[in-house]
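Asks: Provided herewith is a single structure, encoded as structure tokens, for subsequent inquiry.
The values are calculated or read from the model by the stated rules, or taken from the named source; none is laboratory data. From a predicted model like this one, the values you see are computed outputs, not experimental measurements. Every residue, glycine as well, gets a Cβ built from its backbone with ideal geometry; the counts of neighbours run over all protein chains shown.
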Amino acid sequence: MKRYLSIIISSLGILVIPVNSYGQENESAEISLEEVEDEFQQNFYEALKNKAIENYDKAVDFLLECKHLDPENEVVDFELGKNYILLKKYMDAENHLINAVKKEPDNIWYLDALFNVYKSQKNETKAIEVAQKLSEKDSKYKIRLVNLYVKISEYKKAISVLDELDKELGSSYTRDSLRAKIKEAKDYKADEPADNVINRSASGKKENPLDEINEKIILLTKTSNYTELLKITDEALENYPAQVNFYYSKGFALNKLKKHGEAIETLLAGIDYLVDDTELEGNIYRELMLAYEATGNQEKAKEFQNKIKTGL
């Protein structure tokens, strides 16, 4: 930080510069830097505190102060992006998150937040670009990529990503089911016949393991055994992480057990795996509405109530 020395011009036209000004300058610079750092930390702390109590506008104000103090800090851009998403100011969120990603192109958290911006805007093209980068770092994003391709009717690309997952992780009944469901789409046009899905039970009449789990879920739901329902769905999701109805049933159980924060997290994760199932989508939105109501977040509760009505 540069400081200009005070130059006193006397009435005689002589320049008078104090002898100890250099030492004073260094000392003042150090004090000023410490003050800036303290101010930055205080504003950043206040931003996090306000975000935690869902006062997002105030959090943004504090973060903008941080941005003024340290314009090149990508963490500030990331936090601004997250708060703007919560305020549904997606253009502002996009601008700050792009800044963060430019500084750290491989940061999965920054990319994930940017992905959520495009998803909220229903901008599938840009969401796909980010999802492709994310899927190179973590295979779980490939399922999101599949869902995006389905939304824009790029069915062959969706099938191709499912095939990649099979090569990476081995065969999966869940992916086979999703593949078959995609091929049932009215406007699906493929070069290969639609019955190419491997039938794993050709040599026997072994019951589908998913059917057995679903029967247990139905029984536990009917008998209101929510603790056991939570246990069953937890285990089911470990084996079938792309099965949306398991996310719904787990979220339902968590709501009944008054673990509403965990319910919200689970149900939001399940939405990423939805593929053209309006009934299940409506059920998830209903549980999210109830969970947000229970946590006192009426704005989010109303948002999901409106989604139930409109189907969006």
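Asks: Go through Asn116, Asn123, Asn95, Asn107 for me and flag whichever is surrounded by fewer than 23 Cβ atoms within 10 Å (Cβ to Cβ), over 16 Å from the mean Cα position of the chain (by Cα) and not assigned by TED's automatic domain parsing to the domain that holds Tyr273.
Replies: Asn95
Asks: Same structure, new question: Within the range 144-177, track down each residue that is of a type in the set (Val, Ile, Thr), at pLDDT below 85 and surrounded by 14 or more Cβ atoms within 10 Å (Cβ to Cβ).
Replies: Of the range 144-177, the ones of a type in the set (Val, Ile, Thr) are 146, 150, 152, 159, 161, 174.
Keeping just the survivors that are at pLDDT below 85 gives 150, 152, 174.
Matches in the range 144-177: Val150, Thr174.
Asks: What number of residues within the range 234-248 satisfy the criterion of being touching a residue at least 60 places away in the same chain (Cβ under 8 Å) and within 14 Å of Ile284 (Cβ to Cβ)?
Replies: Summing the residues that are touching a residue at least 60 places away in the same chain (Cβ under 8 Å) and within 14 Å of Ile284 (Cβ to Cβ) in the range 234-248 gives 1.
Asks: Just checking, does the range 16-26 include any residue being part of a helix (DSSP H, G or I), modelled with pLDDT of 50 or more and among the small types (Gly, Ala, Ser)?
Replies: no
Asks: Pairs under 9 Å by beta carbon, first residue assigned by TED's automatic domain parsing to the domain that holds Asn245 and farther than 11 Å from Ser249 by Cα in the range 220-233, partner exposed (fewer than 15 other Cβ atoms within 10 Å of the Cβ) and of a type in the set (A, V, I, L, M), six or more apart or different chains?
Replies: Once the first residue is assigned by TED's automatic domain parsing to the domain that holds Asn245 and farther than 11 Å from Ser249 by Cα and sits in the range 220-233, its partners that are exposed (fewer than 15 other Cβ atoms within 10 Å of the Cβ) and of a type in the set (A, V, I, L, M) give Asn225/Leu219; Thr227/Leu257.
Asks: Here is a follow-up. What number of residues within the range 38-81 satisfy the criterion of being hydroxyl-bearing (Ser, Thr, Tyr) and either in contact (Cβ under 8 Å) with a residue 12 or more places away in the chain or within 25 Å of Asp106 (Cα to Cα) (or both)?
Replies: Number of matching residues: 1.
Asks: Next question. State which residue pairs qualify: first residue closer than 20 Å to Ser139 by Cβ and inside the range 109-128, second residue outside any helix (DSSP H, G or I) and of a type outside the set (Gly, Ala, Ser) in any location, beta carbons under 9 Å apart, and separation of 6 or more residues or different chains.
Replies: Tyr110/Glu104; Leu111/Pro105; Lys119/Asp272; Ala127/Gln121; Ile128/Ile152; Ile128/Glu154
Asks: Can I ask one more? Quick one: would you say Glu299 is surrounded by fewer than 15 Cβ atoms within 10 Å (Cβ to Cβ) and part of a helix (DSSP H, G or I)?
Replies: yes
Asks: Could you tell me which numbered condition Ser224 fails, if it satisfies all but one of (1) surrounded by 16 or more Cβ atoms within 10 Å (Cβ to Cβ); (2) modelled with pLDDT of 85 or more; (3) not in a helix (DSSP H, G or I)?
Replies: Only one criterion in (1) surrounded by 16 or more Cβ atoms within 10 Å (Cβ to Cβ); (2) modelled with pLDDT of 85 or more; (3) not in a helix (DSSP H, G or I) is unmet by Ser224, namely (1).
Residues are listed down the side, and each one gets a yes or a no for (1) at pLDDT below 90; (2) touching an Asp or Glu at 6+ places or on another chain (Cβ under 7 Å); (3) outside any helix (DSSP H, G or I):
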{"residue": "Leu80", "(1), (2), (3)": "no, no, no"}
{"residue": "Asn95", "(1), (2), (3)": "no, no, no"}
{"residue": "Asn116", "(1), (2), (3)": "yes, no, no"}
{"residue": "Gln132", "(1), (2), (3)": "no, no, no"}
{"residue": "Lys142", "(1), (2), (3)": "yes, yes, no"}
